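Single-structure report; data block below.
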Amino acid sequence: MLTIGYIGNGKSTNRYHLPFALNRDHLKVKTIYARNPHKAEWDKVPGVLYTDDLAAVMNDPDIQLIVVCTHLDTHYEYAKMALDHGKHVLVEKPFMMSAEDARSIFEYARDKKLVIQCYQNRRYDSDFLTAKQVMESGKLGELLEVEMNYDYYRPQTPESVTSFSKYSSFLYGHGVHTVDQVVSAFGTPDRVQYDVRQLLGTGRMNDYFDLDFYYSSLKVSVKSSFFRLKPRPSFVVYGKKGVFVKQTIDRQEEHLKQFYLPKGHDDFGLDTPEHYGTLTYLDDEGHYHEEKVVSAKGDYARLYDDIYETIVGGAEKSISDDETIAVMELLEQGIEGCS
């Protein structure tokens, strides 16, 4: 059993963490700290202590893992505090405000022989896992180009923001998902072409990005916008022998917003046939094939399984320190031109 305490009681904790931690028998959620634990925005979990006393989390000998789900500018402070109290730490993304801070906190954790890791749950998105399976199948032949899109039509969001902050930018807050998927699947790129925009003008929110990652003969493109009334396909993968197109994104977030939770629902987050991607390819004999690909099952709880195995079983981290630092460096480089 791995006993967990949370720092923060907002959307991150309640939508993207608790439904998954509470769906694993080898995990126990004991305490949640918040400055105002009595806010009624989210239903309280029965049997969990809600407190405004941070020491109740830090000094509890039962708690082995502290999960930091607060604003980015507090991640380093809370992570270091948890390490100072002998706790392992899982930190929401973006992991830290800079790659320098990431290096520093990783070194600090190593000195204390404790685990600290970033919560890159989007590695367990169904669309990403399905695209990886297709790429690894070899049916596309040598990979040439991968397009990854994650679009919104939410113009009210950038229109309501009248100042620029790189830490609350679309690239930092949203690109961190897809950039990590790229790094995890393909490694650190040889070079990157950045197109990071403020469509409403200088001094406004970053609301669009188009990043091209180059690896010898492969190009991986990551694109996102707040102004796409009709979203682009989630994944398009081109190889010398074919193409795979997955139109729709992972459905876990859709179900979470409906409070249709993983516990007790075997179909949570599952694609149905209308969501399946299409694989078109020529086989080794030159015969044409076009087929639907049943989507892989996404499950953000798998990241909790991973950190459990690392802390309790001594397994290697599923998300390496170098990968997390590389993602932070790519985000920092990409946002440099905005102001």
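Just so it is clear, none of the values below were taken in a lab; they were calculated from the coordinates. All figures in this text were calculated on a predicted structure; none of them were measured in a lab. Glycine gets a Cβ as well: all are built from the backbone with ideal geometry, and neighbour counts include every protein chain shown.
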The chain: angle of helix 301-313 to the longest principal axis, Cα-based, in degrees nearest 10: 60 degrees
Residues S165 and E41, FRET efficiency given R0 of 25 Å [Cβ-Cβ distance, rounded to 0.05]: 0.55
For segment 164-296, alpha-carbon Rg and Dmax in angstrom: 17.8, 57
Sites R15 and E145 - FRET efficiency at Förster radius 25 Å, r taken between beta-carbons, to 0.05: 0.15
Among L90, L261, L171: highest mean-square fluctuation, GNM of the chain, C-alpha pairs under 10 Å: L261
Over the chain, relative contact order from alpha-carbon pairs under 8 Å, at least 6 apart, %: 19 percent
Qualifying chymotrypsin sites (Phe, Trp or Tyr not before Pro) in segment 223-316, DSSP loop, other Cβ atoms within 10 Å at most 16: F259, Y260
Percent of Cα-Cα distances greater than 22 Å, calculated over segment 236-339: 61 percent
Kirkwood Rh (inverse of mean 1/r, distinct Cα pairs), segment 224-279, angstrom: 13.2 Å
Proximal charge balance of E142 [Cβ under 12 Å; K/R count +1, D/E count -1]: +2
Percent breakdown of C-alpha pair distances by 5 Å bin, ordered from the shortest bin, for segment 176-232: 4, 17, 25, 21, 16, 11, 5, 1
Folded to 0 to 90 degrees: helix 321-335 orientation relative to the chain principal axis, Cα: 70 degrees
Nearest-ten-degree value, helix 99-111 long axis tilted from longest Cα axis of the chain: 50 degrees
Those GluC sites (Glu not before Pro) in segment 243-323 that DSSP places in a loop and that have at most 14 other beta carbons within 10 Å: E285, E316
Estimated D of segment 2-119 in µm² per second, where Rh is the Kirkwood radius over Cα pairs and Stokes-Einstein applies at 4 °C, 1.567 mPa s: 91 µm²/s
Sites S320 and L282, calculated FRET efficiency, Cβ-Cβ separation with R0 35 Å, nearest 0.05: 0.45
Extension gain from F227 to A55, taking 0.36 nm per residue of separation minus the Cα-Cα distance: 57.5 nm
Using alpha carbons only: equivalent-ellipsoid semi-axes of the chain, gyration tensor based, whole Å: 34, 24, 20
For segment 253-312: span of alpha carbons on each principal axis (Å, largest first): 49, 32, 16
Segment 172-183 - phi-based ³J(HN,Hα) in whole Hz, Karplus 6.51/-1.76/1.60, Gly and Pro as x: 5, x, 10, x, 4, 5, 6, 4, 5, 4, 4, 4
Relative contact order of segment 2-119, pairs being alpha-carbon contacts under 8 Å that are 6 or more residues apart, as %: 24 percent
Descending Cα extents along the principal axes, segment 1-52, whole Å: 29, 18, 17
Dipole axis of the chain (+1 Lys, Arg; -1 Asp, Glu on Cβ), positive-most option in F106, N14, V183: N14
Cα centre as origin, Lys/Arg/Asp/Glu Cβ charges: the chain dipole, Debye: 700 debye
